[in-house]
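Beneath this line is the structure, given in structure tokens, with notes to follow.
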Amino acid sequence: MAVKKASITTSTNARLQSARTKAVLTINGFQEGEDGGSQAECDGKYHSDDIPIVALSTGWFNKMQRCFKNITIYGNGKSVNAMVIDECDSTMGCDKDHDYQPPCDNNIVDASRAVWEALRVPKKDRGLMDIYWTDA
């Protein structure tokens, strides 16, 4: 399945729905050769950081049940829709299969650069940010 660009929307009055989930937004490279960048769990491919895409912690990823589904991320007074393409493994890490990265916490939305840009977060402030997300 080809990954298409998810829609980007921003709003200064981002509406928090009752089904919102609190999380921590982190930044990840999804392109080949990037730190943390490996083939996506959903399709076994690398993806451009110019597309709003995310990896979810193991529990939220739910054994690939959220593959290719959009979520809406609320943060910095804005919102963005992003497609789930990968798992941020909360159970294993620090080995070759996980690019020697430690396991993710259970509350992580690991996002491409495009997500951070859509949320209008300055480069110097990208890394960790408290957010809410919902299924789109």
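Values quoted throughout were computed directly from the atomic coordinates according to the rules given, and no laboratory measurement underlies them. This structure is a prediction, so every number in the text was calculated from the model and none was measured. Ideal geometry is used to build each Cβ from the backbone, glycine not excepted, and the neighbour counts take in all protein chains shown.
What is the sum of charges around Leu56, taking Lys and Arg as +1, Asp and Glu as -1, for the other residues whose C-beta is under 12 Å from the C-beta of Leu56? Please report the intermediate quantities before stating the final value.
Numbers: positive: Lys63, Arg66, Lys69; negative: Glu41, Asp86, Glu87, Asp89, Asp105, Asp110, Asp135.
Cβ neighbours under 12 Å give a net charge of -4.
Please arrange Met129, Met64, Met83 by how many other C-beta atoms lie within 10 Å of their C-beta, fewest to most.
Numbers: Met129 19, Met64 11, Met83 24.
Final ranking by Cβ density, sparse to dense: Met64, Met129, Met83.
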